[in-house]
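Only the coordinates and a few stated rules stand behind these numbers; no lab work does. Nothing here was measured: the structure is a model prediction, and the numbers come from that model. Glycine also receives a Cβ, built like all others from the backbone with ideal geometry; neighbour counts cover every protein chain displayed.
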Amino acid sequence: MNQFSHKQPSENFRVALFWRSEKRNGIVRCELCPWNCRIKEGRFGYCGVRFNHEGTLFTAIYGAVSSKAVDPIEKKPLYHFYPGSSVYSLGTIGCNLKCKHCQNWEIAHARAQGYFHYLEHLPPVKAVEEAVDSFSSGIALTYNEPTIWIEYALDLFKLAKQKGLYTVYVTNGYINEDPLREIGKYLDAYRVDVKGISDNSYLQIANLKKYQAILRAAEIAYHELKLHVEIVTNIIPTVNDSETELREIAIWIREKLGPKVPWHVTRFYPYLGFSHLYPTPLETLEMAYRVGKEEGLEFIYMGNVAGHPYENTVCPNCEKTVIKRRGFYIEEKFTVDGQCGYCGYDLNIVE
């Protein structure tokens, strides 16, 4: 294939899913995410890993792993999904958003050309074997955007389910509805970023002019696909930290998903394109917590502030602490089948 030398491992190439030919000038249209890229012969889409070869769309990253680890599920962060369990976590390269402060930019902003010598080829069967051998309870696709890895994700998750493993997407949520419904057949948890709730916030953070598809995908994941959903908002000073915007996010969660869906408000640290900013003040995170409570959300968590009491799960009914955390680790837990161990209240916890 003309974009790669003979030294590149062909096992990473697969004909892609979710595209169509425009039947003129060899152009194909990728229909995986809302960019809906029109890709000319020999060129890549916005994500940097899906390319047009002679009028057929290929993925260049099938089984191409840049990062793998066994993590606590709380690191994703998922606080209401098998709390205290370990999850076998995989990432590849590329992303369909280009966030200015991406913590994993070395892989997320990478493009497929010339990058393969950094990657391990990990077939789905072997990945599932490693997950089982590591005593993990599930598999998460994380570290970069899993949407662009959908061909691998489908094969991997089908096998994972056969072995009794749970499956997780840690995602920016920028996915079209048909691909979401397909991967949703084999997915258990959908941990999605809501970076703001305005065009201006998404434009500043991710160079994305329209964000509404992200909210719609989360609503489909929760209501139609019945996935476990948790929301994360990294609060960036001067960008998405106004009380008005945070309140609007809380209202959307309550009205479109429900008051029991957890909202993680996490501390920003200066990095890359936002190096000139300052870390999120603790007062701003506490304001977001207050706003979420005022709008009726039952579970709001502060992230990147280890030791703060707002890391803990408190029963909204009896107000007792049922899960005490420090960072990614659980120190105490008193829940029974997802309910409060003291009063029996439904905590929307999968365990």
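Dividing the C-alpha radius of gyration of the range 10-59 by 2.2 N^0.38 Å, with N its residue count, gives 0.99. Bridge orientation summary for the chain: considering DSSP beta bridges with both residues in this region, about 50 percent are antiparallel.
What order do you get for 170-179, 133-142 when each peptide is scored by the mean count of other beta carbon atoms within 10 Å, highest first?
Packing order, densest peptide first, comes out as 170-179, 133-142.
When the charge dipole of the chain is built from unit charges on Cβ atoms (+1 for Lys and Arg, -1 for Asp and Glu) and taken about the Cα centre, the candidate among Leu97, Val322, Phe13 whose Cα reaches farthest toward its positive end is Phe13. Estimated from helical segments only, the mean residue ellipticity of the chain at 222 nm is -6000 deg cm²/dmol, where each DSSP H run of four or more residues counts as -39500 (n - 2.57).
The H on the amide N of Val322, modeled in the peptide plane, is under 5 Å from the matching H of Thr313, Val314, Cys315, each at least 5 residues off or on a different chain. For the range 312-351, the fraction of C-alpha pairs farther apart than 17 angstrom is 20 percent. Here's the picture: charge each Lys and Arg Cβ at +1 and each Asp and Glu Cβ at -1 in the range 64-309, and of Gln204, Asn172, Ile107 the one pushed furthest to the positive end of that dipole is Ile107.
For Pro124, the shell of other residues with beta-carbons less than 14 Å away shows a net charge of 0, using +1 for Lys and Arg and -1 for Asp and Glu.
Taking other residues whose beta carbon is less than 15 angstrom from the beta carbon of Trp149, and scoring Lys, Arg as +1 and Asp, Glu as -1, yields -1. Ser134 sits among other residues whose Cβ lies under 11 Å from its own Cβ, and their net charge, with Lys and Arg +1 and Asp and Glu -1, is -3. Take the alpha-carbon centre of the range 293-351, take the same for the range 53-115, and report the distance between them in whole Å. Answer, in whole Å: 28.
Placing unit charges on the Cβ atoms only, positive for Lys and Arg and negative for Asp and Glu, gives the chain a dipole magnitude near 1000 debye about its Cα centre. Only lysines eight or more places from Lys185 in sequence, or on another chain, were considered; those with a Cα closer than 20 Å are Lys158, Lys161, Lys163, Lys226.
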